[in-house]
Amino acid sequence: MKKAFYSFAFISLLMGVLFTSCVSNKKFLASEAKADKLQKDNAISLNKLIDCNSQVKSLTDEKSSLQNANASVENDLKILSTESKMTIADQAKRLKSLQNMIQAQKNVMANLKNSIADALLNYKADELSVYIKDGNVYVSLEEKLLFKSGSDMVNPQGKEALKTLAKVLNSTRDITVNIEGHTDNVPISTKLFEDNWDLSTARATSIVRILTKDNNFDPARITASGRGQFHPVKTNETAEGRAGNRRTEVILSPDLNELYKLLYQ
């Protein structure tokens, strides 16, 4: 009986030890798993903290960059404001200078027109006219005053008128002269002139020679051009209109070099 009791007690003790060992091992494994999870969570939290710190640094740097940019923009605005004020002042001064120069040129051209009109006062309205157009002075000489029909030879009356005109022109400065020949639309074809282009150019050249060679006008200030029938001032449907289109225009223009210098300086 005792032997059986001792055997039972031994078995019970052994079972207790084994059970206790099993429970401890489970607790250990559970603790180990919990510790591993804590380590992983800690690593995740640490990475998030690092990311947050990086974002904070990036935002701080961005804020600093924006502050520097704002400061630069404000400085540029101050400089621009100062330059703009100077530019406005300069522009106002330049505009005033331009207005004065333009008015001075208008006065010169008006005086020149009056001087020419007075000098050519003895000629009839159907022989010549003097007027201002687009800032230029025009002296329009009719064919009947200068040439025979179809000819580029200036007649004595025309030479006398050009001599009077040259006296006024020689007393002026800073004026350029363009001689333009014009015809009506009636075709011409002769041994000397193939068409109206030829005739109008030849007439303009004849007048240039009289002004420069016979009356000493500066050749560097004068140009000859022929415009044929393509710039009529009257209708070509009537004899009177065609007569008005057969003309030679002396166009006097102010020298604009000083004006251009002021505009583009």
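For residues that are among the basic types (Lys, Arg) and over 27 Å from residue 243 (Cβ atoms), scanning just region 90-144, find the one that is nearest to the chain's Cα centre (by Cα).
Here the answer is 94.
Here are 179, 175: which of them is assigned by TED's automatic domain parsing to the domain that holds residue 245, modelled with pLDDT under 95, touching a strand residue (DSSP E or B) at 6+ places or on another chain (Cβ under 6 Å) and closer than 21 Å to residue 255 by Cβ?
175
Can you name every residue in region 219-231 that is in contact (Cβ under 8 Å) with a residue 40 or more places away in the chain and touching a Ser or Thr at 6+ places or on another chain (Cβ under 9 Å)?
Across region 219-231, the qualifying residues are 221, 222, 223, 224, 225, 226, 227, 228, 229.
Among the candidates 183, 176, 164, which residue alone is in contact with a helix residue (DSSP H, G or I) (Cβ under 9 Å, 6 or more places away or on another chain), crowded, with 18+ Cβ neighbours inside 10 Å and of a type in the set (S, T, N, Q)?
On inspection, the qualifying residue turns out to be 183.
What do you reckon, is residue 235 within 18 Å of residue 158 (Cβ to Cβ), part of a loop (DSSP other than H, G, I, E, B) and of a type outside the set (A, V, I, L, M)?
For residue 235, the condition - within 18 Å of residue 158 (Cβ to Cβ), part of a loop (DSSP other than H, G, I, E, B) and of a type outside the set (A, V, I, L, M) - is not met.
Can you spot a residue in region 98-111 that is in contact with a Leu (Cβ under 9 Å, 6 or more places away or on another chain), at negative phi and of a type in the set (S, T, N, Q)?
yes
Residue pairs, Cβ under 6 Å, 6 or more apart or interchain, first in region 99-116 and in contact (Cβ under 8 Å) with a residue 40 or more places away in the chain, second in a helix (DSSP H, G or I) and not charged (D, E, K, R). List them.
Close Cβ pairs satisfying both conditions: 101/259; 115/168; 116/168.
Quick one: in region 163-205, which of the residues that are among the polar types (S, T, N, Q) and in a helix (DSSP H, G or I) is farthest from residue 224 (Cα to Cα)?
164
In the set 193, 217, which member is among the aromatic types (Phe, Trp, Tyr) and in contact with a strand residue (DSSP E or B) (Cβ under 9 Å, 6 or more places away or on another chain)?
217
The values are calculated or read from the model by the stated rules, or taken from the named source; none is laboratory data. Everything numeric in this text was worked out from a predicted model, so none of it was measured. Virtual Cβ from ideal backbone geometry, glycine too; neighbours counted across all protein chains shown.
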